Structure formats: structure tokens, C-alpha cells
Amino acid sequence: MTTSRLAGVALGETGFERAAVWSAVGFAVSYVAFDVVALGAAVTSGTVPDVAASVAATLAAVTAVGTAAFAAVGAGALPVVLLAYGPLAAVLLRTIGPAPYAVPLSDPLPFAVAVAEPLGVALAAAVAVGLAGYAAGRVVAGAGGEGDGGTAESSAATANGDADASD
């Protein structure tokens, strides 16, 4: 495998910018989703049920589907892993991390250590989910074989965001 082919697999046609933005948005939405679902359940039932497991499973499934879809439209393996990191980091912070919305200013070191563990586990999970999503997305896109999945002209049009290059 040549260096340009390895770079194409790693980076893909869709850049890191999109992956970084959606990773950050995924982190924010996923982090708050636990509170929104718990609040909705409390309003409907009158008690505050523990919804962490169901919210975490739902967010992990949505993240897996999102990584496959992102790879199917031309993202490389590294942007797909970056995309998966945000939501998975939020899920792990809310499930195994320290108490949310509470930073002890008197002694922040134990808090930092408690945050570092879920973020490290989230990195490992993002690599696993991201690479599996990348493989599934490339198969769905029809680029799972030896071919490049299209002509150079259609690939260039896709990379530039111009799907109607034959005007």
C-alpha cells in the first residue's frame, strides 16, 4: 500500500473540520441528554428514575450509526474516530466520571484525575467504534474492495462539495 493510499484511508475526502465540529456538538448534546431524559421522566412519572443506562446505550448506538454514515460519504478513519470521541466522552463522563456540574475549587487535582479516566476510556472506545464504523461505512459506500470507488473526476467533485460537476 502506497503512502498516498494510506493517507487517503487515514484522512479521507472529508476533512477534520467537520469531524471536530460534530464531535464537539455530539459531546454537548450527549452530556445534556442525561439531564433532559431524567427531567422528562420525572415530569411524567413524578419520580426521578435512573435513566443513565438507557441513555448511554442509545447514544452509543447513534454514535455508531453516525460514524458509519460519515465514513460512507468519504471521511477517513481518523476523522471518523474524532467524530466518535465527543459523544462517547460525554457518555463515559456521565456514567463513570465525577459528579456532573461540580468542580471542587479547593482541591481540583482529584477531580482532574477522576475526569482523566473516563476520557482515556472514551479514547479507546472511540478508536474501536470509529474503526468499526469506518469499515461498515466503506462497505456501505461500495468502497470496501480494491477499487477506489469512483473516477478521479467524481472524487474531485465530491471533495469540493460539488455533486453537480457536469453542469
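For a quick check: with amide H placed at 1.01 Å from N, whose amide H comes under 5 Å from ALA75's, ignoring anything fewer than 5 positions away on the same chain? HN-HN under 5 Å from ALA75: GLU13, THR14. What the Cβ-Cβ distance of ALA112 and THR2 gives, at R0 = 41 Å and to the nearest 0.05, is a FRET efficiency of 0.45. Rounded to two decimals, the Cα-based Rg/Rh of the stretch 1-125, with Kirkwood Rh, is 1.08.
Per atom type, the stretch 56-147 shows carbon and sulfur on 76% of its accessible surface, probed at 1.4 Å.
The values are calculated or read from the model by the stated rules, or taken from the named source; none is laboratory data. Predicted, not measured: the structure shown is a model, and the values here were computed from it. Cβ coordinates were reconstructed from backbone atoms using ideal geometry, including for glycine residues, and neighbour counts include every protein chain displayed. The area values use the complete protein model at the heavy-atom level, side chains included, leaving out ligands, DNA and RNA. Shrake-Rupley method; radii C 1.70, N 1.55, O 1.52, S 1.80 Å.
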